[in-house]
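Encoded as structure tokens, the structure appears first; notes follow it.
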């Protein structure tokens, strides 16, 4: 987990896809538990506006109407307020951790790692902001994403610090029953915008053709300028899948900002 592939050299591995995979977490009513370190959350108004006005309708237009008509929509389109950029997932909701004592241990230990990472000398101390420039978008097998370039290098630095801090605490974490290997650090900077409640009926080839001919360019045009956001991160407890949680003390375990 301590090996970082710089986001500037990495490409998404999930698409473009012509076969789609349903995600049971988009329809679950079960109690879930995950820990994720995020930036750009709550999302800036510029991102939410472009998402509501351009990205959502363009994504829908790639599918036949039966696939996006409620209440039986195949598409799980993220609510605007749930958009974010993942710095690292320290414990995935897909693990299915149920035991309350184990959850408390995980929260305590990963908060310790994140807090330690923010105290490292390499952690950004003077950067006032992050800058997100939209590089591309795609519809993949499991999800559709916006792929960003973060032009200040801040996210790369944060990810390196998280990985190194976790590695340095491996023995203590394992003694507490926490595996460092649950830490997942993406090698891209992205915002997920769509998952699948069920497998869409629209042909995958048709979806990608519509996306290539119209939606892709319209989405790119919706972000003509860089989005400047505060240089801050939050360790969030996901009690509802995919960041559909309030920005409050019950869900924010640790928060750091240059401001």
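Throughout, read-outs are computed from the coordinates displayed, never taken from laboratory work. Since the structure is predicted, the reported quantities are computational estimates derived from the model, not experimental observations. So basically every Cβ, Gly included, is an ideal-geometry build from the backbone, and we count neighbours across all protein chains shown.
Key figures
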| item | result |
| --- | --- |
| Span from the region 125-151 Cα centroid across to the region 157-171 one, whole angstrom | 22 Å |
| Neighbour-count order for 131, 150, fewest beta carbons within 10 angstrom listed first | 131, 150 |
| Estimated FRET transfer efficiency when R0 is 30 angstrom, pair residue 232-residue 205 (beta carbons, to 0.05) | 0.10 |
| Segment residue 181-residue 141, extension gain: residue separation times 0.36 nm, minus the distance between their alpha carbons | 11.9 nm |
| On Cα atoms only, tilt of 100-118 relative to the major axis of the chain in degrees | 80 degrees |
| Relative contact order (%) - the chain, alpha-carbon pairs under 8 angstrom, separation at least six | 37 percent |
| Stokes-Einstein D for region 26-68, Kirkwood Rh over Cα pairs, 20 °C, 1.002 mPa s (µm²/s) | 160 µm²/s |
| For the chain, calculated [θ]222 nm from helices alone, where every DSSP H run of n ≥ 4 adds -39500 (n - 2.57) | -7500 deg cm²/dmol |
| Extension gain from residue 250 to residue 69, taking 0.36 nm per residue of separation minus the Cα-Cα distance | 61.8 nm |
| Residue 104-residue 157 pseudo-label distance in nm [points 7 Å out on the Cα-to-Cβ vector] | 3.7 nm |
| Per-selection metrics, the chain (Cα): Rg and Dmax in Å | 18.4, 54 |
| Label-point gap, in nm, between residue 257 and residue 81 - each point 7 angstrom along Cα→Cβ | 1.7 nm |
| Cα centroid of region 77-97 to Cα centroid of region 195-254, whole Å | 10 Å |
| Angle in degrees between helix 154-168 and the longest Cα principal axis of the chain, rounded to the nearest 10 | 50 degrees |
| Spin-label model distance (nm) - residue 18 vs residue 240, 7 Å beyond Cα toward Cβ | 3.8 nm |
| Descending semi-axes in Å of region 124-259, equivalent ellipsoid built from Cα gyration tensor | 31, 21, 15 |
| Neighbour-count order for 223, 63, fewest beta carbons within 10 angstrom listed first | 223, 63 |
